[in-house]
1. Return the residues of region 184-213 that are under 13 Å from residue 238 (Cβ atoms), in contact (Cβ under 8 Å) with a residue 24 or more places away in the chain and out of contact with any Phe, Trp or Tyr (no Cβ under 9 Å at 6 or more places or on another chain); say none if nothing qualifies.
2. Test residue 117 against the criterion of being hydrophobic (A, V, I, L, M, F, W, C), surrounded by 15 or more Cβ atoms within 10 Å (Cβ to Cβ), closer than 17 Å to residue 231 by Cα and in contact (Cβ under 8 Å) with a residue 60 or more places away in the chain, and give yes or no.
3. Pairs only if they're at least six apart or on different chains, beta carbon under 8 angstrom, first in region 67-93 and surrounded by 10 or more Cβ atoms within 10 Å (Cβ to Cβ), second part of a loop (DSSP other than H, G, I, E, B) and among the polar types (S, T, N, Q); list them, first residue then second.
4. Tell me which residues, restricted to region 8-64, are at pLDDT 70 or above, closer than 28 Å to residue 238 by Cα, in a helix (DSSP H, G or I) and among the β-branched types (Val, Ile, Thr).
5. Is it the case that region 221-234 has a residue that's hydroxyl-bearing (Ser, Thr, Tyr) and under 23 Å from residue 106 (Cβ atoms)?
6. Kindly check whether there is at least one residue in region 106-122 that is closer than 29 Å to residue 154 by Cβ, more than 21 Å from the chain's Cα centre (by Cα) and among the acidic types (Asp, Glu).
7. Filter region 65-88 for residues that are among the small types (Gly, Ala, Ser) and assigned to a loop (DSSP other than H, G, I, E, B); which is nearest to residue 133 (Cα to Cα)?
8. Out of region 139-163, which residues are small (Gly, Ala, Ser) and within 21 Å of residue 109 (Cα to Cα)?
Amino acid sequence: MNKSILVLAILICTAMAAGIKTPDTRKYKFIFFTEECFDTFFVQKDFANVSCIKFTLSKALGTGIVVFSTILKVPQIIKIVKNKSVEGLSFPALISETFLYFFTVSYNLFKQNSFSLYGENVFIIFQNIVIMALFYVYGKNFSIAKLFTTYILFGVVVGPLLLQIAPTKLYDFAMIINIVLFFFGRAPQIYSNFKNKSTGQLAAITVLLNLSGCVARTFTVLTEAPDFFVLLNNFEAVILNGTIFAQLLIYWKNTPARAHHSAKKNQ
C-alpha cells in the first residue's frame, strides 16, 4: 500500500513539474514541421538541432498513432461479421472503454491541444460504436432499446463536455475518472497473472503494441503538451501495460502453449 502511494506521488510530482499546457499557437508546414524548424532544417541546413528533431519526431509519432488508430479495431469488426457472433466480447467493458475515450477527447478539446495528441481516441470511439451496433445484429437477446439507451447515455453524459458547455472543474474530474477506470481495467489482469504465475491466452504482440503506443504517446505529450492530467494518464498506462508485458516475459514458459510444447519435448 505504501509503495502504491509513493508511486502515485512520484507520478503527480513529475506531471506537475511539466507544467500546465497553453493553447498551441505554432504554425506548421507539411504537417510535421513548425515554421521555425522548417527554416532550421531546410534553409539554415541545421539538421542537428536537438529541439527541432525532438519536436518533429514527436509530431510524426503522434500523426502515425492517429493514422494507425483508424484501422485499429477493423480486424475485430471483420471477425465479428465473418463469424456472425460477438461471443467473448463484453458490452459493459466496451461502454466503459468508450467513456474513457470520450472523456479524453473532451479534455483535450477543452485544453485546445493539437489533434495529433488525441486524435486516435476519436477514431476508436467510432469503431466502438460500430461494434456496439453489431451486438444488436449478432448478439443473443440484445434489444434495440439497450443499444439506443447506451447511445443516449453517451450523449447526455458526454455531450456537454464535447460542446464545451460543462463547468470547468468537470473536465479535470473526467480525467480523474479515466485514471480510475484504466486502473480497474488493468489491475485485475495483473493480479490474475501474478496469482496464476501465467499470462494465459494474452497475445504478446498485442501487449507489446499497447505498451509501445503508450510510450510513444507519452513522448509526444511531454514534447508538445506537458499537461498534468494527460501526463498522469499516460504514465499510468505505461506502468500498468509495462507490468503486464514484464509478466509475459517472466511467465513465458508457464503459458499453456509453451507449457504444452515443453512437455512434448521432454517426452
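The values are calculated or read from the model by the stated rules, or taken from the named source; none is laboratory data. If you're wondering where the values come from, they're calculated on a predicted model, not measured in any experiment. We place every Cβ from the backbone using ideal geometry, glycine too, and count neighbours over all the protein chains shown.
1. Within region 184-213, 186 is the sole residue that qualifies.
2. yes
3. none
4. 50, 53, 56, 63 - these are the residues of region 8-64 that are at pLDDT 70 or above, closer than 28 Å to residue 238 by Cα, in a helix (DSSP H, G or I) and among the β-branched types (Val, Ile, Thr).
5. Yes; the residues of region 221-234 include at least one that is hydroxyl-bearing (Ser, Thr, Tyr) and under 23 Å from residue 106 (Cβ atoms).
6. Looking through region 106-122, none of the residues is closer than 29 Å to residue 154 by Cβ, more than 21 Å from the chain's Cα centre (by Cα) and among the acidic types (Asp, Glu).
7. Filtering region 65-88 for residues that are among the small types (Gly, Ala, Ser) and assigned to a loop (DSSP other than H, G, I, E, B), the one nearest to residue 133 (Cα to Cα) comes out as 85.
8. Answer for region 139-163, where residues must be small (Gly, Ala, Ser) and within 21 Å of residue 109 (Cα to Cα): 155, 159.
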